[in-house]
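> To start, I am sharing the structure in question, which I have written as structure tokens.
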Amino acid sequence: MAPTRPTPRRRLTSALTAASLVAAGIAAGAAGGVVGSPEASAQAFRYADAPMLWTVAHGPACAGWITASTVVAESMPGQIRLVATGNFFGISWNPPQQCWSAVKVHWHNLDSGSRGYWEARTAGAVGVAPTEIGQVHLDTGPGRVVLTIGTDLHHLPVTHEVTAY
């Protein structure tokens, strides 16, 4: 599958997510959780975007995509920080509200064999800040973790592999 070109909205969402996670890392460092040297800071966390998930959304005529971003950090051993946002267009059932979708994430730690599931609601409109963002710390344990991301309606599922510290 050919990689999709990031939209300005996706770059903005990714930049805001990364900035909030960097700020959290700085706060953790101030509390003694992260070493302050530049070399250690460069290796303290890894950020990655999953491929876009194209989906139908709730409403009489709604569709769009979901973006999911992951962060793993030495200060969060065995955990993956996951943020999911929806970008939909169309007509919602209640016009003041935006179209929405339930994001469903199944994860599997390939090294330990452990598995889990997480679900959240995302809502948003193309060109407008999302009104509902799903975010969680998944307790996956250390190792290679495959996330399978889908929704509760018709969609093109995506997989994303992350290595947790």
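> For the stretch 150-155, what does the Karplus curve 6.51 cos²θ - 1.76 cosθ + 1.60, with θ = phi - 60°, yield as ³J(HN,Hα) per residue in whole Hz, taken in order and with x for Gly and Pro?
So the Karplus estimates, Gly and Pro as x, are x, 9, 8, 10, 4, 7 Hz.
> For Thr159 and Arg115, what is the calculated FRET efficiency with R₀ set at 22 Å and r taken between the beta-carbons, to the nearest 0.05?
E(calc), rounded to 0.05, equals 0.95.
> Grab the other residues whose beta carbon is less than 11 angstrom from that of Lys104, score K and R as +1, D and E as -1, and report the net.
-1
> Moving to a separate point now. Between Glu132 and His106, how many nm apart are label points set 7 Å from Cα along the C-beta direction?
Inter-label distance under the simple model: 2.3 nm.
> Please state the relative contact order of the stretch 45-164 as a whole percent: Cα pairs under 8 Å, 6+ residues apart? The partial results should precede the final answer.
Values: 354 pairs, mean separation 33.7, N = 120.
Averaging sequence separation for qualifying contacts and normalising by length gives 28 percent for the stretch 45-164.
> Considering only the other residues whose Cβ falls under 12 Å of the Cβ of Ala164, what net charge follows from Lys and Arg at +1 and Asp and Glu at -1?
-1
Each value in this text was obtained by applying a stated rule to the coordinates, not by laboratory testing. Predicted model, so just to flag it, every value in this text is computed and none were measured. Because the Cβ atoms are built from the backbone with ideal geometry, glycine has one as well, and the counts that use them run over all protein chains shown.
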